[in-house]
Structures are given as C-alpha cells and as structure tokens.
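Q: The structure under discussion is supplied below as structure tokens; questions concerning it will follow.
Just so you know, all these numbers are worked out from the coordinates, no wet-lab data involved. What you see is a predicted model; the values in this text were computed from it and never measured. We place every Cβ from the backbone using ideal geometry, glycine too, and count neighbours over all the protein chains shown.
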Amino acid sequence: MLRTVALAVVTGAAAALAALLFRALGLPLALILGGMAGGALIANLWAVMPGGRLVRRAGQMAVGLSIGALLDPSVLDVLLRMAPTMILVAVLANLAGALIARPAARLAGVDRTSALLCCLPAGLAEMATLAREIAADEQAVTLVHTLRVAIVITLIPLWLALTGHPAHGTAPAHPFVAADLTALLPLLGASLAIAWAATRLGVINAFVLTPMLLVLAVAATGLRIPPVPDIVLAPAEVAIGATLGLRLRLDRLGRLPRIALGGLVSGTVLFLVSFFLFVPLVGWGTGLDPLSSVLSAAPGGLGEMVASAGALGILAAPIACFQLSRTVITNLCVAPLVRWHVTRERQRAA
C-alpha cells in the first residue's frame with residue numbers, strides 16, 4: 001500500500017514538473033505533452049502507477065465539463081450542417097486504415113486481422129476488446145494504438161512550432177470561484193453516474209461525452225453554467241497526458257520490436273494521410289480553420305484531441321463530433337464486418 005501511494009505521488013509529481021517545464025519552454029500542448037513525458041519517465045525508471053484508467057477518466061470528465069460549459073445550443077445547428085463531411089471523413093479514414101493494414105501486417109509480423117484492428121482509427125479500448133473477442137493479437141493492438149496517439153500528440157505541436165502557425169492563443173483564464181461549486185459539483189456528480197452506467201452498456205467515450213451533453217442540456221434551459229476553473233482543468237490535461245505516458249514502456253517495445261516498428265510507421269503514415277488528404281476536405285466541407293481541421297481529422301484519441309482543443313483555445317465541439325463520428329462508424333459498421341469475416345473463415349477451416 002505504501003509503495004502504491006509513493007508511486008502515485010512520484011508519477012504525479014514527475015508529470016506536473018515536466019508539464020511546467022514544457023510550458024516554460026513555450027511548447028504547444030505543454031501540459032499534455034509534459035504529462036506524457038513525466039508519466040513515461042516514471043513508468044520506465046520505476047514502475048507503472050496503478051489506477052491509470054481512473055485517473056484518465058477523471059481527467060476526461062473535467063475536460064468534458066469545461067468544453068460543455070463553453071458551448072451554446074446554437075452550435076448544434078452548425079454541427080448538423082457539418083454532418084455529411086463528418087461521415088465522409090470517417091468512412092475514408094477507415095478505408096485508409098484498411099489499406100495500410102496489409103503492409104503493416106508484413107512489417108509488424110502479425111496476421112492481417114490483428115493488423116487491421118491495429119490500423120482502424122477507433123478507440124484503443126474498443127479495438128483491444130474486439131481483438132480479445134476474436135482471438136487476435138490484443139497486445140499488438142494495444143501497443144500500436146498507443147503509439148499512434150503518442151505520434152499524433154507529438155506531431156501536432158511540432159507542426160505548430162515549425163510552421164509558426166498561430167495556435168489561437170491559449171484558452172481564457174478561469175479563476176477559482178467558490179460559489180461556482182454549487183453548480184459544477186452536482187453536474188459533475190450526475191455526469192459521473194451517467195457515464196459509469198453508459199460505459200457498462202457499451203457507450204463509447206462516455207466519460208468525455210456525458211458531461212459535455214449534460215451541460216449543454218442544462219444550458220438550453222437558460223441556466224448559467226460557470227466555467228471550470230484552471231486549478232481543475234490544468235491537472236486534468238496533465239492527467240490525460242500522464243496516463244498515455246504510462247503505456248509507453250520501453251520493455252514492451254523491446255519485447256515486440258517488429259510490432260513497435262510497424263506501429264510507428266503505420267501511425268505516422270495514417271497521420272500524414274489524414275493531414276494531407278482529410279484536413280483539406282474538412283476545411284473545404286465545413287469552413288473550419290486549419291488547426292481545427294487538423295484536430296478533427298487526426299487519428300488520435302477523442303479525449304486527447306478534445307483536451308488539445310481546449311489547451312489551444314479553440315472550440316472543441318466540431319473536433320469532438322468528428323472524432324466521435326469516426327469512432328462510432330468504426331465500431332458500429334466496420335467492427336461487425338471484421339467479426340463476421342473471422343467467424344466465416346473459422347467455419348470454413350473447421
């Protein structure tokens with residue numbers, strides 16, 4: 001017990017210090033990147049902090065609540081007009097993942113089904129669960145998805161730094177106001193209960209989406225929702241980065257060098273395809289600015305992309321919808337096809 005507490009404290013301290021260092025250096029997405037670096041450092045030098053999933057979900061709840069507090073019901077009309085582009089980009093992203101899977105299977109040394117689950121642009125948890133269900137290589141799926149999100153989180157700030165692209169400034173400051181807790185805490189509690197139940201029912205990314213939708217629904221009644229203070233939001237961004245860093249362990253990469261190489265190459269290729277093909281499509285179809293288009297089309301995790309939008313001071317609703325559309329289409333349309341194909345092949349073999 002004492003070791004667990006000490007590990008949690010050291011991991012949290014390392015993630016926070018790295019985030020402060022990255023911010024002092026003026027790096028974009030400093031809190032997320034710093035948290036990832038600090039979490040990975042302790043995970044590799046000492047051990048992996050237990051309870052990473054709970055920490056991640058807490059960070060997602062805070063980020064989702066903060067984004068929901070900035071939304072207006074009128075935004076829904078804009079999002080509905082973007083729906084055809086969202087669906088088109090989601091379909092094309094899945095086709096790109098399927099095309100990349102064949103060479104990725106050879107490079108990583110895994111079967112084609114496992115490579116397909118590695119390359120499909122959906123959530124890690126959903127693809128790893130499907131891999132377990134159909135007896136694919138779950139370990140490879142987990143590693144490749146982790147590497148791809150890390151690549152996206154790293155390449156976007158690199159693009160901003162190299163091009164000098166304006167990041168819209170940072171998000172506006174929100175100081176702590178004790179009176180606001182009377183509105184935020186009940187919303188947080190209700191969001192937690194609903195998200196927990198929704199997750200048990202198989203709803204995707206419930207811990208990000210539930211607070212966003214709940215706050216939007218409350219705001220539609222005319223009630224004022226105060227912004228989430230920075231003293232809560234900043235640790236949430238660090239937590240999301242740190243829990244990603246916990247999965248970047250060198251011992252795992254060393255045990256699976258071909259899979260790691262395949263993950264690095266396929267993740268980079270998928271990001272470049274998204275950047276050069278899908279980002280212009282998003283901008284043309286929706287009128288979103290280049291940075292919002294990049295975050296919308298990037299094959300990263302929904303929580304990471306929404307947190308990145310908040311950190312960069314841009315409206316996260318379109319980004320969340322693009323990321324969610326891709327994940328939903330992958331899980332509701334592509335995943336059943338993969339499951340059916342594997343079942344049919346096994347029946348033939350029997």
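Q: Counting helices only, and only those DSSP H runs with n ≥ 4, report the 222 nm mean residue ellipticity of the chain as the sum of -39,500 (n - 2.57) divided by its residues, in deg cm²/dmol to the nearest 500. Before the final figure, lay out each step's value.
A: Values: 17 runs with 265 residues, N = 350.
About -25000 deg cm²/dmol.
Q: Roughly how big is the chain's charge dipole about its Cα centre, with Cβ charges of +1 (Lys, Arg) and -1 (Asp, Glu), in debye to the nearest 20? Each step should come with its number before you reach the end.
A: Details: 23 positive and 14 negative charges, 216 e Å.
Using Cβ point charges on Lys, Arg, Asp and Glu, the chain gives about 1040 debye.
Q: Grab the beta carbon distance between Ala135 and Leu272, set R0 = 30 Å, and tell me the FRET efficiency rounded to 0.05.
A: Details: r = 32 Å, r/R0 = 1.05.
Efficiency at R0 = 30 Å is approximately 0.40.
Q: What FRET efficiency comes out for the pair Leu2/Asp111, r = Cβ-Cβ distance, R0 = 35 Å, nearest 0.05? Intermediate results must be reported in sequence, preceding the final value.
A: Values: r = 44 Å, r/R0 = 1.25.
With R0 = 35 Å, the Cβ-Cβ based efficiency is 0.20.
Q: Next question, about the same structure. Where does each of Ile67, Ile151 land when they are ranked from fewest to most other beta-carbon atoms within 10 angstrom? Spell out each step's value before the answer.
A: Working: Ile67 26, Ile151 20.
Starting with the residue having the fewest Cβ neighbours, the order is Ile151, Ile67.
Q: Only residues of the stretch 288-317 count here: report those whose backbone N is under 11 Å from the spot 7 Å along Cα→Cβ of Leu79, or say none.
A: Counting only backbone N, you get 316-317.
Q: At 7 Å along Cα-to-Cβ for each site, give me the label-to-label distance between Ala193 and Ala179 in nm.
A: If labels sit at Ala193 and Ala179, their model points lie 2.7 nm apart.
Q: What number, in percent, do you get for the relative contact order of the stretch 34-167 if the mean sequence gap of Cα pairs under 8 Å and at least 6 apart is divided by its residue count?
A: Details: 66 pairs, mean separation 16.9, N = 134.
Result for the stretch 34-167 is 13 percent.
Q: Can you tell me the relative contact order of the chain? Whole percent, Cα pairs under 8 Å, sequence separation 6 or more. Don't skip to the answer; put the middle values down first.
A: Details: 533 pairs, mean separation 112.6, N = 350.
Relative contact order of the chain: 32 percent.
Q: Ranked highest first by average number of other Cβ atoms within 10 Å, how do 24-36, 132-144 line up?
A: On the way: 24-36: 22.1, 132-144: 20.2.
Packing proxy ranking, top to bottom: 24-36, 132-144.
Q: Rounded, prolate or oblate: which one fits the stretch 1-153, using the alpha carbon gyration tensor with axes a ≥ b ≥ c (rounded when a/c is under 1.5, else prolate when a/b beats b/c, else oblate)? Please report the intermediate quantities before stating the final value.
A: Working: a/c = 1.97, a/b = 1.15, b/c = 1.71.
It comes out oblate by the Cα gyration axes.
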